[in-house]
1. Stretched out fully, how many nm does the piece from residue 102 to residue 184 gain, at 0.36 nm a residue minus the Cα gap?
2. Fully extended, how many nm does the chain gain between residue 167 and residue 68 (0.36 nm per residue separation, minus their Cα-Cα distance)?
3. Among 122-128, 148-154, 38-44, how do they line up by average Cβ neighbours within 10 Å per residue, starting with the highest?
4. Mind ordering 155-161, 29-35, 186-192 by average Cβ neighbours within 10 Å, highest first?
5. State, to one decimal in nm², a quarter of the convex hull surface area for the C-alpha atoms of the range 25-211, i.e. the direction-averaged projected area.
6. Under a point spin-label approximation (7 Å from Cα along Cα-to-Cβ), what is the residue 142-residue 53 distance to one decimal in nm?
7. Restricting the count to DSSP beta bridges whose residues both fall in the range 25-211, what percent are antiparallel, rounded to a multiple of 5?
């Protein structure tokens, strides 16, 4: 997948109708756009500087709106911890104190959520596929290409990206809709995902055209963090 520059687009007879061409194949997956991260508090404080620098909430809101307008599914992958039935390492380490089930902090931020969106269930790890029905949802929708964004870039988003690639999906990290604890970690996550990064404008009509590339290019390996 690549973004066609302006001079290449001028040579096209007409841009593709992405509602038809990509609507049943492309999906936006928003990882942990929950109030635990997006509203004032400890977690927000940890990533606030990077969120502001990347204008994450504004970009993610636009990404979600554009996706819906193009009939591209928007899928949310929240982390919800039930303190009475903790699942996964994170839930046990934090003793179920964060992302608590039925709490305000566990809610998805209204700026990126719409009632028509899909919300995956059962997630128990940093990787949004772990314990959840995310893969099942993607297969049911016949998705082949996944655009990922969320928190934190080098943890949940990066791990989900690598997992998606291993499962045979084309996957891309939307870097200006993602944030982590500092700029150095953000840059490192982007380097590890080299060849699999895009901006939110990759889905904006007035900015670019998304092209499928060869399977060899789209499946370029993403290095794991060490």
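Where a number appears in this text, it was derived from the coordinates with a stated rule and is not lab data. These numbers were taken from a predicted model, which means no experiment stands behind them. Quick reminder, even Gly has a Cβ in these numbers, built from the backbone with ideal geometry, and neighbours come from all protein chains shown.
1. Computed gain between residue 102 and residue 184 is 26.1 nm.
2. 33.1 nm
3. The densest-packed peptide leads the list: 148-154, 122-128, 38-44.
4. By packing density, highest mean first, the sequence is 29-35, 155-161, 186-192.
5. Taking the Cα atoms of the range 25-211, their convex hull projects to 9.9 nm² on average.
6. Taking the simple label geometry, residue 142 and residue 53 are separated by 4.2 nm.
7. So the antiparallel bridges in the range 25-211 amount to around 5 percent.
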